[in-house]
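The structure appears below as C-alpha coordinates.
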Amino acid sequence: MKKTAPLLSAAAITGLVVSACGDGGAASAGEPEEDFPSSDIEMVIPYPPGGGSDVLFRLMAEYASEELPVTITPSNVEGASATVGSRQVMDSDPDGYTILGSHQVVAAAYHNDIVDYGFDAFDPIALGTVTPHLPSVSADFAEEHGIEDLQDFLDHVEANPNTVNWGFTTGSEDHYSIAAVLDAAGLDTGILNYVDYDGTGPQYAGLVAGEIDGMTGDYASAEGYIEDGDLMPLGIVAEERDENLPDLPTVAEQGVDYELTVDRGFFAPEGTPEEHIEIIAEAIETAVNNPEFQEDVENLGSYSDYLGPEDYQAHLDELDEAMAGLSDQMQEF
(Lines give C-alpha, C1' and ligand atoms only; values in the text may rest on other atoms or scores of the structure.)
Protein backbone atom coordinates (compact mmCIF):
# COMPACT_ATOMS: atom_id res chain seq x y z
CA MET A 1 0.00 0.00 0.00
CA LYS A 2 1.21 3.47 -0.82
CA LYS A 3 1.93 5.43 2.35
CA THR A 4 1.09 9.08 2.89
CA ALA A 5 3.16 10.57 4.74
CA PRO A 6 -12.10 16.78 32.70
CA LEU A 7 -10.44 15.00 35.22
CA LEU A 8 -7.07 13.44 34.86
CA SER A 9 -6.33 9.87 35.83
CA ALA A 10 -3.94 9.16 38.67
CA ALA A 11 -1.35 8.06 36.13
CA ALA A 12 -1.72 11.31 34.22
CA ILE A 13 -1.40 13.39 37.39
CA THR A 14 1.72 11.46 38.31
CA GLY A 15 3.10 12.18 34.88
CA LEU A 16 2.43 15.86 35.33
CA VAL A 17 4.31 15.91 38.62
CA VAL A 18 7.27 14.09 37.10
CA SER A 19 7.24 16.39 34.09
CA ALA A 20 7.10 19.51 36.23
CA CYS A 21 9.61 18.48 38.88
CA GLY A 22 12.00 16.19 37.05
CA ASP A 23 14.19 13.77 38.97
CA GLY A 24 17.10 15.99 39.77
CA GLY A 25 18.98 15.38 36.53
CA ALA A 26 16.74 17.23 34.12
CA ALA A 27 17.78 20.57 32.71
CA SER A 28 15.60 23.63 33.10
CA ALA A 29 12.86 24.12 30.50
CA GLY A 30 14.08 24.74 26.98
CA GLU A 31 17.76 24.06 27.70
CA PRO A 32 19.50 20.97 26.31
CA GLU A 33 20.47 18.33 28.84
CA GLU A 34 23.81 16.66 28.32
CA ASP A 35 22.65 13.17 29.29
CA PHE A 36 19.10 13.38 27.94
CA PRO A 37 17.03 11.40 28.60
CA SER A 38 17.89 10.71 32.22
CA SER A 39 14.38 9.77 33.36
CA ASP A 40 11.31 8.20 31.79
CA ILE A 41 9.42 10.08 29.10
CA GLU A 42 5.65 10.41 29.47
CA MET A 43 3.76 9.95 26.20
CA VAL A 44 0.25 11.38 26.48
CA ILE A 45 -2.40 9.60 24.39
CA PRO A 46 -5.41 11.95 24.26
CA TYR A 47 -7.91 9.11 23.88
CA PRO A 48 -9.43 6.46 26.14
CA PRO A 49 -7.96 2.95 26.12
CA GLY A 50 -8.96 0.45 23.46
CA GLY A 51 -9.10 2.52 20.29
CA GLY A 52 -6.75 2.33 17.33
CA SER A 53 -4.63 5.24 18.50
CA ASP A 54 -4.18 3.74 21.96
CA VAL A 55 -3.13 0.37 20.53
CA LEU A 56 -0.68 1.75 17.99
CA PHE A 57 0.92 4.43 20.17
CA ARG A 58 1.54 1.89 22.92
CA LEU A 59 3.18 -0.39 20.38
CA MET A 60 5.39 2.42 19.07
CA ALA A 61 6.34 3.41 22.62
CA GLU A 62 7.30 -0.19 23.42
CA TYR A 63 9.62 -0.52 20.44
CA ALA A 64 11.11 2.99 20.71
CA SER A 65 11.85 2.45 24.41
CA GLU A 66 14.19 -0.37 23.39
CA GLU A 67 16.37 2.26 21.70
CA LEU A 68 16.60 4.54 24.73
CA PRO A 69 18.12 4.22 28.22
CA VAL A 70 14.69 5.07 29.66
CA THR A 71 11.09 4.02 29.06
CA ILE A 72 8.49 5.94 27.07
CA THR A 73 5.47 5.54 29.36
CA PRO A 74 1.99 5.85 27.79
CA SER A 75 -0.64 7.82 29.71
CA ASN A 76 -4.27 8.09 28.56
CA VAL A 77 -5.53 11.66 29.15
CA GLU A 78 -8.89 11.71 27.40
CA GLY A 79 -11.60 14.30 27.02
CA ALA A 80 -12.94 17.22 24.99
CA SER A 81 -12.27 15.77 21.54
CA ALA A 82 -8.72 14.77 22.45
CA THR A 83 -7.84 18.30 23.54
CA VAL A 84 -7.42 17.71 27.30
CA GLY A 85 -4.36 15.61 26.54
CA SER A 86 -2.94 17.85 23.84
CA ARG A 87 -3.33 20.94 26.04
CA GLN A 88 -1.58 19.17 28.90
CA VAL A 89 1.43 18.55 26.67
CA MET A 90 1.32 22.02 25.16
CA ASP A 91 1.47 23.53 28.68
CA SER A 92 4.23 21.17 29.87
CA ASP A 93 7.85 22.19 30.27
CA PRO A 94 9.54 22.02 26.84
CA ASP A 95 12.23 19.61 28.00
CA GLY A 96 11.37 16.43 26.07
CA TYR A 97 10.07 14.54 29.10
CA THR A 98 6.41 15.00 28.13
CA ILE A 99 5.38 14.30 24.55
CA LEU A 100 2.10 13.82 22.69
CA GLY A 101 1.04 10.93 20.50
CA SER A 102 -1.60 12.23 18.13
CA HIS A 103 -2.69 12.81 14.53
CA GLN A 104 -4.97 15.06 12.44
CA VAL A 105 -7.22 15.70 15.43
CA VAL A 106 -4.88 18.54 16.45
CA ALA A 107 -5.77 20.46 13.29
CA ALA A 108 -9.39 19.29 13.15
CA ALA A 109 -10.08 20.52 16.69
CA TYR A 110 -8.55 23.88 15.86
CA HIS A 111 -10.53 24.34 12.65
CA ASN A 112 -13.74 23.42 14.50
CA ASP A 113 -13.09 26.17 17.08
CA ILE A 114 -12.79 23.63 19.91
CA VAL A 115 -9.39 25.01 20.87
CA ASP A 116 -7.36 28.05 19.92
CA TYR A 117 -4.21 26.17 18.95
CA GLY A 118 -3.17 23.79 16.19
CA PHE A 119 -0.05 22.06 14.97
CA ASP A 120 1.98 25.24 15.40
CA ALA A 121 1.68 24.95 19.20
CA PHE A 122 4.05 21.97 19.06
CA ASP A 123 7.42 20.97 17.71
CA PRO A 124 7.02 17.87 15.52
CA ILE A 125 9.15 14.89 16.46
CA ALA A 126 8.30 12.17 13.95
CA LEU A 127 5.58 10.43 12.00
CA GLY A 128 5.38 6.74 12.87
CA THR A 129 2.44 5.01 11.19
CA VAL A 130 -0.37 5.59 8.73
CA THR A 131 -3.73 3.84 8.93
CA PRO A 132 -6.58 3.79 6.38
CA HIS A 133 -10.02 4.72 7.63
CA LEU A 134 -12.79 2.14 7.74
CA PRO A 135 -16.35 3.53 7.62
CA SER A 136 -18.63 0.77 8.91
CA VAL A 137 -22.17 -0.02 9.96
CA SER A 138 -23.51 -2.49 12.47
CA ALA A 139 -24.30 -5.94 11.10
CA ASP A 140 -27.88 -5.57 12.37
CA PHE A 141 -28.35 -2.30 10.49
CA ALA A 142 -26.89 -3.80 7.32
CA GLU A 143 -29.19 -6.83 7.49
CA GLU A 144 -32.28 -4.75 8.26
CA HIS A 145 -31.76 -2.41 5.32
CA GLY A 146 -30.08 -4.71 2.81
CA ILE A 147 -26.75 -2.88 2.92
CA GLU A 148 -23.97 -4.81 1.22
CA ASP A 149 -21.51 -2.08 0.26
CA LEU A 150 -20.81 1.64 0.40
CA GLN A 151 -23.10 2.52 -2.50
CA ASP A 152 -26.01 0.70 -0.87
CA PHE A 153 -25.37 2.75 2.25
CA LEU A 154 -25.17 6.04 0.36
CA ASP A 155 -28.39 5.23 -1.54
CA HIS A 156 -30.14 4.45 1.75
CA VAL A 157 -28.91 7.65 3.36
CA GLU A 158 -29.99 9.75 0.39
CA ALA A 159 -33.46 8.17 0.41
CA ASN A 160 -33.77 8.46 4.21
CA PRO A 161 -32.08 11.70 5.28
CA ASN A 162 -31.42 12.30 8.98
CA THR A 163 -32.52 8.81 10.03
CA VAL A 164 -29.14 7.07 10.23
CA ASN A 165 -27.38 7.52 13.57
CA TRP A 166 -23.67 8.00 12.98
CA GLY A 167 -21.08 8.06 15.75
CA PHE A 168 -18.16 10.48 15.63
CA THR A 169 -15.96 12.62 17.84
CA THR A 170 -16.32 16.35 17.29
CA GLY A 171 -13.16 17.81 15.85
CA SER A 172 -11.43 14.48 15.39
CA GLU A 173 -10.15 12.91 12.21
CA ASP A 174 -13.26 10.71 11.92
CA HIS A 175 -15.33 13.94 11.94
CA TYR A 176 -13.32 15.15 8.96
CA SER A 177 -13.38 11.75 7.25
CA ILE A 178 -17.16 11.27 7.16
CA ALA A 179 -17.62 14.87 5.99
CA ALA A 180 -15.10 14.28 3.20
CA VAL A 181 -16.65 10.96 2.10
CA LEU A 182 -20.15 12.44 1.90
CA ASP A 183 -18.85 15.52 0.13
CA ALA A 184 -16.98 13.40 -2.43
CA ALA A 185 -20.15 11.35 -2.99
CA GLY A 186 -22.11 14.53 -3.74
CA LEU A 187 -24.24 14.37 -0.59
CA ASP A 188 -24.95 17.01 2.03
CA THR A 189 -22.62 16.44 4.97
CA GLY A 190 -25.56 17.06 7.33
CA ILE A 191 -27.60 14.16 5.95
CA LEU A 192 -26.76 11.88 8.88
CA ASN A 193 -27.96 12.10 12.47
CA TYR A 194 -24.65 12.60 14.26
CA VAL A 195 -24.02 11.31 17.79
CA ASP A 196 -20.93 12.67 19.54
CA TYR A 197 -18.69 10.32 21.54
CA ASP A 198 -15.41 11.04 23.28
CA GLY A 199 -13.17 8.68 21.34
CA THR A 200 -13.34 5.59 19.14
CA GLY A 201 -13.66 3.03 21.93
CA PRO A 202 -16.93 4.52 23.22
CA GLN A 203 -18.20 4.65 19.66
CA TYR A 204 -17.77 0.89 19.27
CA ALA A 205 -19.58 0.37 22.57
CA GLY A 206 -22.40 2.57 21.33
CA LEU A 207 -22.63 0.65 18.08
CA VAL A 208 -22.77 -2.75 19.79
CA ALA A 209 -25.44 -1.37 22.18
CA GLY A 210 -27.54 -0.16 19.24
CA GLU A 211 -27.17 3.54 20.07
CA ILE A 212 -25.72 4.24 16.62
CA ASP A 213 -25.89 2.58 13.22
CA GLY A 214 -22.41 3.36 11.95
CA MET A 215 -19.06 5.00 12.61
CA THR A 216 -15.60 5.48 11.13
CA GLY A 217 -12.74 3.53 12.69
CA ASP A 218 -9.77 1.56 11.43
CA TYR A 219 -8.76 -2.06 11.32
CA ALA A 220 -6.56 -1.76 14.41
CA SER A 221 -9.59 -1.01 16.54
CA ALA A 222 -12.29 -2.79 14.48
CA GLU A 223 -10.70 -6.23 14.06
CA GLY A 224 -12.44 -7.87 17.02
CA TYR A 225 -15.83 -6.41 16.15
CA ILE A 226 -15.51 -7.62 12.56
CA GLU A 227 -14.49 -11.12 13.68
CA ASP A 228 -17.40 -11.22 16.16
CA GLY A 229 -19.85 -10.28 13.41
CA ASP A 230 -20.92 -7.00 15.03
CA LEU A 231 -19.46 -4.73 12.37
CA MET A 232 -19.69 -4.58 8.57
CA PRO A 233 -17.07 -2.40 6.87
CA LEU A 234 -18.36 -0.42 3.90
CA GLY A 235 -15.01 0.23 2.23
CA ILE A 236 -11.38 1.03 2.86
CA VAL A 237 -10.42 4.70 2.53
CA ALA A 238 -7.08 4.18 0.85
CA GLU A 239 -5.45 3.89 -2.56
CA GLU A 240 -5.26 0.11 -2.36
CA ARG A 241 -7.11 -2.68 -0.58
CA ASP A 242 -5.98 -3.84 2.84
CA GLU A 243 -4.29 -7.24 3.03
CA ASN A 244 -6.26 -7.97 6.20
CA LEU A 245 -9.53 -7.43 4.33
CA PRO A 246 -8.69 -8.45 0.74
CA ASP A 247 -12.32 -8.74 -0.36
CA LEU A 248 -13.22 -5.23 0.84
CA PRO A 249 -13.00 -2.70 -2.02
CA THR A 250 -11.69 0.80 -1.56
CA VAL A 251 -14.21 3.63 -1.53
CA ALA A 252 -12.66 4.82 -4.79
CA GLU A 253 -13.48 1.45 -6.38
CA GLN A 254 -17.06 2.12 -5.32
CA GLY A 255 -17.23 5.49 -7.02
CA VAL A 256 -16.18 7.83 -4.20
CA ASP A 257 -12.93 9.54 -5.15
CA TYR A 258 -11.40 10.02 -1.72
CA GLU A 259 -8.43 8.75 0.27
CA LEU A 260 -7.35 9.36 3.86
CA THR A 261 -4.94 7.79 6.27
CA VAL A 262 -4.79 8.47 10.00
CA ASP A 263 -1.23 9.74 10.38
CA ARG A 264 -0.02 8.98 13.90
CA GLY A 265 3.03 10.82 15.08
CA PHE A 266 4.73 12.46 18.03
CA PHE A 267 4.85 16.07 19.20
CA ALA A 268 6.76 18.02 21.85
CA PRO A 269 5.84 21.34 23.45
CA GLU A 270 7.00 24.28 21.38
CA GLY A 271 10.52 25.29 22.33
CA THR A 272 11.81 21.82 23.19
CA PRO A 273 15.56 21.61 22.50
CA GLU A 274 16.29 20.27 19.02
CA GLU A 275 18.86 17.92 20.52
CA HIS A 276 16.17 16.23 22.62
CA ILE A 277 13.78 16.00 19.70
CA GLU A 278 16.44 14.40 17.53
CA ILE A 279 17.21 11.75 20.16
CA ILE A 280 13.56 10.74 20.44
CA ALA A 281 13.11 10.89 16.66
CA GLU A 282 16.08 8.57 16.11
CA ALA A 283 14.61 6.05 18.54
CA ILE A 284 11.28 6.18 16.69
CA GLU A 285 13.01 5.82 13.33
CA THR A 286 14.83 2.69 14.47
CA ALA A 287 11.59 1.30 15.91
CA VAL A 288 9.57 2.01 12.78
CA ASN A 289 12.21 0.36 10.58
CA ASN A 290 12.29 -2.76 12.76
CA PRO A 291 10.87 -5.66 10.67
CA GLU A 292 9.14 -7.10 13.74
CA PHE A 293 7.44 -3.78 14.41
CA GLN A 294 6.39 -3.51 10.78
CA GLU A 295 4.85 -6.97 10.88
CA ASP A 296 3.01 -6.18 14.13
CA VAL A 297 1.67 -2.95 12.69
CA GLU A 298 0.57 -4.48 9.40
CA ASN A 299 -1.33 -7.14 11.33
CA LEU A 300 -3.29 -4.22 12.78
CA GLY A 301 -4.11 -2.81 9.34
CA SER A 302 -1.56 -0.01 9.55
CA TYR A 303 1.78 0.74 7.93
CA SER A 304 5.07 2.11 9.17
CA ASP A 305 5.97 5.42 7.58
CA TYR A 306 8.74 7.37 9.29
CA LEU A 307 9.19 11.08 8.70
CA GLY A 308 11.74 13.05 10.69
CA PRO A 309 11.06 16.46 12.26
CA GLU A 310 11.56 18.59 9.14
CA ASP A 311 9.69 16.33 6.70
CA TYR A 312 6.95 15.75 9.26
CA GLN A 313 6.46 19.51 9.58
CA ALA A 314 5.93 19.79 5.83
CA HIS A 315 3.43 16.92 5.98
CA LEU A 316 1.57 18.58 8.85
CA ASP A 317 1.30 21.79 6.83
CA GLU A 318 -0.44 19.82 4.07
CA LEU A 319 -2.80 18.14 6.53
CA ASP A 320 -3.69 21.49 8.09
CA GLU A 321 -4.58 22.93 4.71
CA ALA A 322 -6.83 19.95 3.92
CA MET A 323 -8.62 20.26 7.25
CA ALA A 324 -9.18 23.98 6.71
CA GLY A 325 -10.83 23.26 3.35
CA LEU A 326 -13.73 21.36 4.95
CA SER A 327 -13.93 23.24 8.23
CA ASP A 328 -17.13 25.12 7.37
CA GLN A 329 -18.99 21.90 6.54
CA MET A 330 -17.62 20.12 9.62
CA GLN A 331 -18.98 22.90 11.85
CA GLU A 332 -22.49 22.21 10.53
CA PHE A 333 -22.73 19.03 12.60
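The values are calculated or read from the model by the stated rules, or taken from the named source; none is laboratory data. Only a predicted model underlies this, so the values are computations on that prediction, with no experimental measurement involved. Heads up, the Cβs are rebuilt from the backbone with ideal geometry, glycines too, and the neighbour counts pull from every protein chain shown. Side chains included, ligands, DNA and RNA excluded: accessible areas come from the protein's heavy atoms. Shrake-Rupley method; radii C 1.70, N 1.55, O 1.52, S 1.80 Å.
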### Message
If I ask for residues that are within 21 Å of ALA179 (Cα to Cα) and either polar (S, T, N, Q) or touching a Leu at 6+ places or on another chain (Cβ under 6 Å) (or both), which ones from the stretch 234-250 would you list?
### Response
LEU234, GLY235, ILE236, VAL237, THR250
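For the structure I just gave you, tell me whether ALA180 is open to solvent by 40 Å² or more (accessible area, probe 1.4 Å) and in contact with a Phe, Trp or Tyr (Cβ under 6 Å, 6 or more places away or on another chain). Before the answer, list the steps.
Numbers: open to solvent by 40 Å² or more (accessible area, probe 1.4 Å): no; in contact with a Phe, Trp or Tyr (Cβ under 6 Å, 6 or more places away or on another chain): yes.
It is false that ALA180 is open to solvent by 40 Å² or more (accessible area, probe 1.4 Å) and in contact with a Phe, Trp or Tyr (Cβ under 6 Å, 6 or more places away or on another chain).
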### Query
Do the conditions hold for ASP242, that is, is it under 21 Å from the mean Cα position of the chain (by Cα), charged (D, E, K, R) and open to solvent by less than 50 Å² (accessible area, probe 1.4 Å)?
yes
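Condition test on TYR312, is it at pLDDT 95 or above and open to solvent by less than 30 Å² (accessible area, probe 1.4 Å)?
Working: at pLDDT 95 or above: yes; open to solvent by less than 30 Å² (accessible area, probe 1.4 Å): yes.
So TYR312 fits the description; yes.
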### Task
Go through the residues of the stretch 118-132 one by one and say whether even a single one is on the phi > 0 side of the Ramachandran plot and in a loop (DSSP other than H, G, I, E, B).
no
#### Entry: Filter result for ALA205 (out of contact with any helix residue (DSSP H, G or I) (no Cβ under 7 Å at 6 or more places or on another chain) and hydrophobic (A, V, I, L, M, F, W, C))
yes
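Might you let me know whether the stretch 244-251 holds any residue that is in contact with a strand residue (DSSP E or B) (Cβ under 9 Å, 6 or more places away or on another chain), outside any loop (DSSP other than H, G, I, E, B) and not β-branched (Val, Ile, Thr)?
Applying the first criterion (in contact with a strand residue (DSSP E or B) (Cβ under 9 Å, 6 or more places away or on another chain)) to the stretch 244-251 yields 245, 248-251.
With outside any loop (DSSP other than H, G, I, E, B) added as a condition, the list becomes 250.
From what is left, the residues that are not β-branched (Val, Ile, Thr) are none.
No: the stretch 244-251 contains no residue that is in contact with a strand residue (DSSP E or B) (Cβ under 9 Å, 6 or more places away or on another chain), outside any loop (DSSP other than H, G, I, E, B) and not β-branched (Val, Ile, Thr).
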#### Entry: Qualifying positions in the stretch 142-187 - of a type in the set (A, V, I, L, M, F, W, C), more than 23 Å from ASP247 (Cα to Cα) and assigned to a loop (DSSP other than H, G, I, E, B)
VAL164, LEU187
### Message
Quick check on SER75: is it out of contact with any Pro (no Cβ under 7 Å at 6 or more places or on another chain), closer than 26 Å to ALA287 by Cβ and of a type in the set (S, T, N, Q)?
### Response
yes
### Query
Restricting the first residue to the stretch 76-91 and requiring it to be at pLDDT 95 or above and open to solvent by 10 Å² or more (accessible area, probe 1.4 Å), which pairs with a second residue that is aliphatic (A, V, I, L, M) and assigned to a helix (DSSP H, G or I) meet a Cβ separation below 8 Å and a spacing of at least six or different chains?
ASN76/ALA11; ASN76/ALA12; GLN88/ALA12; GLN88/LEU16; MET90/ALA121
### Query
Assuming ASN244 fulfils every condition listed in (1) over 25 Å from ALA126 (Cα atoms); (2) modelled with pLDDT of 95 or more apart from one, which condition is it?
(2)
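Can you find a residue in the stretch 234-242 that is in a strand (DSSP E or B) and either over 19 Å from SER92 (Cα atoms) or touching a helix residue (DSSP H, G or I) at 6+ places or on another chain (Cβ under 6 Å) (or both)? Step through it out loud before you land on a result.
Quick first cut of the stretch 234-242, residues in a strand (DSSP E or B) only: 236-237.
Now drop any that are not either over 19 Å from SER92 (Cα atoms) or touching a helix residue (DSSP H, G or I) at 6+ places or on another chain (Cβ under 6 Å) (or both), which leaves 236-237.
Yes, the stretch 234-242 has at least one match.
Can we say ILE279 is open to solvent by 10 Å² or more (accessible area, probe 1.4 Å), part of a helix (DSSP H, G or I) and of a type in the set (Val, Ile, Thr)?
Details: open to solvent by 10 Å² or more (accessible area, probe 1.4 Å): yes; part of a helix (DSSP H, G or I): yes; of a type in the set (Val, Ile, Thr): yes.
Yes.
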### Query
Inside the stretch 201-216, can you point out the residues that are part of a helix (DSSP H, G or I) and open to solvent by 30 Å² or more (accessible area, probe 1.4 Å)?
PRO202, ALA205, VAL208
